1. Does region 145-167 contain at least one residue that is closer than 26 Å to residue 33 by Cα and modelled with pLDDT under 90?
2. If we only count strands (runs of 3 or more DSSP E) wholly inside region 100-154, which ones have 1 or more residues that are of a type outside the set (Val, Ile, Thr)?
3. Pull up region 109-141, narrow it to residues that are polar (S, T, N, Q) and buried (at least 16 other Cβ atoms within 10 Å of the Cβ), then point me to the one that is modelled with the lowest pLDDT.
4. Of everything in region 195-209, what is more than 18 Å from the chain's Cα centre (by Cα) and not in a loop (DSSP other than H, G, I, E, B)? Give them in sequence order.
5. Of the residues 191, 103, which is touching a helix residue (DSSP H, G or I) at 6+ places or on another chain (Cβ under 8 Å) and more than 21 Å from residue 47 (Cβ to Cβ)?
6. With the checklist (1) within 23 Å of the chain's Cα centre (by Cα); (2) outside any strand (DSSP E or B) in hand, flag the one item residue 56 doesn't pass.
7. Out of 185, 141, report the one residue that is under 30 Å from residue 26 (Cβ atoms) and touching a Pro at 6+ places or on another chain (Cβ under 8 Å).
8. How many residues are charged (D, E, K, R) and surrounded by 11 or more Cβ atoms within 10 Å (Cβ to Cβ) if we restrict to region 182-203?
Amino acid sequence: MKTQNVSKKGIIKLIIILLIIIFLVIIALVQFVFPLSVKEVYFTIEPFSKEELQIRKNYFNMYSNDIDSSDQFIRTENPFPSDDYTEYCTITIDPVIKNNGFLKTIIQDGFIKNKDYANKVIYKDGIVVPTIIEGFDKSISNNGYIMFAWRGDMTDEEFSEYIRGLEFENYYETDLQNSKKFNVSLKDAKLITHEELVELSNSDAENND
């Protein structure tokens, strides 16, 4: 009987040890392999004014050949094919990112990954406002991705579908990892107004206080 009891206790201890190892492996996989996930993506489309078009032309001419620029210039040939300002717009994309790990994560800038597809985007703004997400929390990105595009004669529906074909590559870091990457797909992105975006951002800020 004593031998059986000892044997049972040994099996129980072994099971507990195996469960702890499995738990630690899962935690490690989540933290170091799948630490981030995209819950939702929102985007807004704001039409250019006549003045805005001229500002963007001047900016492009000044910085498109600057190797130190943090902007991502896509349409390097014939970037402004029309002088009609109504054919241009500003696109702001804001993903809601979930931190699946326990370490605080800092989301840095993102870049358009499928550049060949992104032939309507003139350039992406290089302004970086890091988004800090605590462990097991989620947050809408600060400042998002801001792009300036030529939409030509595409309808709102056609242009929205075009935007949903874009993909981004983001950089992030934690206390244990630097310059790691994760991708953001826009295939399920939701078009909202600027006012709705402001409301979402304010709500997210309140929830994180």
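1. No: zero hits.
2. Strands (runs of 3 or more DSSP E) meeting the threshold: 105-112, 121-124, 138-140, 145-150.
3. 141
4. 195, 196, 199, 202, 203, 206, 207, 208
5. 103
6. It is condition (1) that residue 56 fails.
7. Within the list 185, 141, the selection yields 141.
8. So the count comes out to 3.
The values are calculated or read from the model by the stated rules, or taken from the named source; none is laboratory data. This structure is a prediction, so every number in the text was calculated from the model and none was measured. Neighbour counts run over all protein chains shown; Cβ positions are idealised from the backbone, glycine included.
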